[in-house]
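Data block below; observations after.
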Amino acid sequence: MISITDYINNKAENLKEKVANGCDLCGCRSLRFDYGNLPDYNNDLLQDVYVIRYGLAYAFEYKRMYKRLLENLAPGRTLEVTSLGCGNMVDYWSLKQVLPANCSVRYHGVDVIDWNDKFPAWAGDRIDFVQEGINDYLAECNSLTSDVYVFPKSISELSKDEVEDICRMIREKGFAKDEVHFLFSMRANQYNLDCDMAKTERISKAIMELGMLPDTEACALYEGLDKMICNCDRDFSIDELNGAYNLLNNLPYMCDNYNESNRVCERCRENRTQPMLKAKYMRYQIYTFRKVA
Ligand SMILES: C[S@@+](CC[C@H](N)C(=O)[O-])C[C@H]1O[C@@H](n2cnc3c(N)ncnc32)[C@H](O)[C@@H]1O
């Protein structure tokens, strides 16, 4: 499978090519999550910029999250995973980094946006994708059959009503398996985190109403250390990413609306140009529920 570094570099090459052909980068201004901002992921350029900025950090976080999950998973089986808000399926990439070789994955990706350059399935795995809202997708499922339901940085983007809808679907459908895992990756900012954790608690309660009990570690919030990701895991070396990160830095000067006298595009000035490279922004929860006899 492609390394995360090569994947990010490919995205940077794509972006460079598009910029060379002339383009308005101002749309990337929406790539921010503070004060309730949500990006317009339909924008191709923004998707490239998103991956350059967050790809390394999110791939690292999901790798840690799945590694922790797998500590309690018996090897030699197929793991069925539904990724709700899968984007480019980077969480599948992360899962494959830590999954024992004798296990395979049946991965269902769900997202309202059909992202470019989704990670492809490895030999022996199966991937499908549905372009749909999470609640509509769940409503159409006959039963909930996956071992793992993951919200990779998507829980923050769901409204309260959507979360209530998801809870209703869970109560109505129930789970086919006796054990189910819910993984929530969230934002580090305290305000967002509080909102996100209120949602994960709602979903957890809905599952418990089915008569399933969480294990003792449920509710634990896992955070990262104040360290560079590249110093935590060799897969995330940034030695070869200088070009990609320089490109990110220079975006305000590369837009077609760049103004020679102000030496910047006024609208692109709001673009955040720093990649996320520290482990301290990691926030995730793993809930394991079991049916009680
Ligand atoms: C921050 S992005 C995360 C993308 C990807 N999982 C990653 O880690 O890079 C949030 C994703 O959730 C998707 N999303 C948000 N609300 C959704 C909904 N109600 N139904 C389906 N997907 C949704 C967005 O389209 C977006 O792709």
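Aromatic (Phe, Trp, Tyr) and touching a helix residue (DSSP H, G or I) at 6+ places or on another chain (Cβ under 6 Å): does that describe TYR284? Against the criterion (aromatic (Phe, Trp, Tyr) and touching a helix residue (DSSP H, G or I) at 6+ places or on another chain (Cβ under 6 Å)), TYR284 qualifies. Checking the condition within 16 Å of the ligand (Cβ to nearest atom), over 22 Å from the mean Cα position of the chain (by Cα) and more than 24 Å from LEU70 (Cβ to Cβ), which residue from GLU240, GLU162, GLU140, GLU157 passes? After ruling out the rest, the residue left standing is GLU140.
Could you check region 5-20 and list, in sequence order, the residues that are under 24 Å from the mean Cα position of the chain (by Cα) and crowded, with 17+ Cβ neighbours inside 10 Å? Passing the criteria: THR5, TYR7, ILE8, ASN9, LYS11, ALA12, ASN14, LEU15.
Yes/no per residue for (1) touching a strand residue (DSSP E or B) at 6+ places or on another chain (Cβ under 6 Å); (2) surrounded by fewer than 15 Cβ atoms within 10 Å (Cβ to Cβ); (3) in contact (Cβ under 8 Å) with a residue 40 or more places away in the chain; (4) not in a loop (DSSP other than H, G, I, E, B):
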| position | (1), (2), (3), (4) |
| --- | --- |
| ARG187 | no, no, yes, no |
| CYS195 | no, no, no, yes |
| LYS199 | no, no, yes, yes |
| ALA220 | no, yes, yes, no |
| ASN249 | no, yes, no, yes |
| TYR253 | no, yes, no, yes |
| ARG269 | no, yes, no, yes |
| TYR287 | yes, no, yes, yes |
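Tallying residues that are of a type outside the set (A, V, I, L, M, F, W, C), closer than 23 Å to ILE166 by Cβ and within 16 Å of the ligand (Cβ to nearest atom) within region 95-117 yields 5.
The rows are residues; the columns are (1) over 26 Å from VAL81 (Cα atoms); (2) more than 10 Å from the ligand (Cβ to nearest atom); (3) assigned to a helix (DSSP H, G or I); (4) of a type in the set (Ser, Thr, Tyr).
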{"position": "TYR35", "(1), (2), (3), (4)": "yes, yes, yes, yes"}
{"position": "ASN42", "(1), (2), (3), (4)": "no, no, no, no"}
{"position": "GLN47", "(1), (2), (3), (4)": "no, no, yes, no"}
{"position": "TYR50", "(1), (2), (3), (4)": "no, no, yes, yes"}
{"position": "GLY55", "(1), (2), (3), (4)": "no, no, yes, no"}
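Checked against the criterion of being under 30 Å from PHE175 (Cα atoms), buried (at least 16 other Cβ atoms within 10 Å of the Cβ), basic (Lys, Arg) and in contact (Cβ under 8 Å) with a residue 24 or more places away in the chain, region 41-56 has no qualifying residue.
Each value in this text was obtained by applying a stated rule to the coordinates, not by laboratory testing. Since the structure is predicted, the reported quantities are computational estimates derived from the model, not experimental observations. Neighbour counts run over all protein chains shown; Cβ positions are idealised from the backbone, glycine included.
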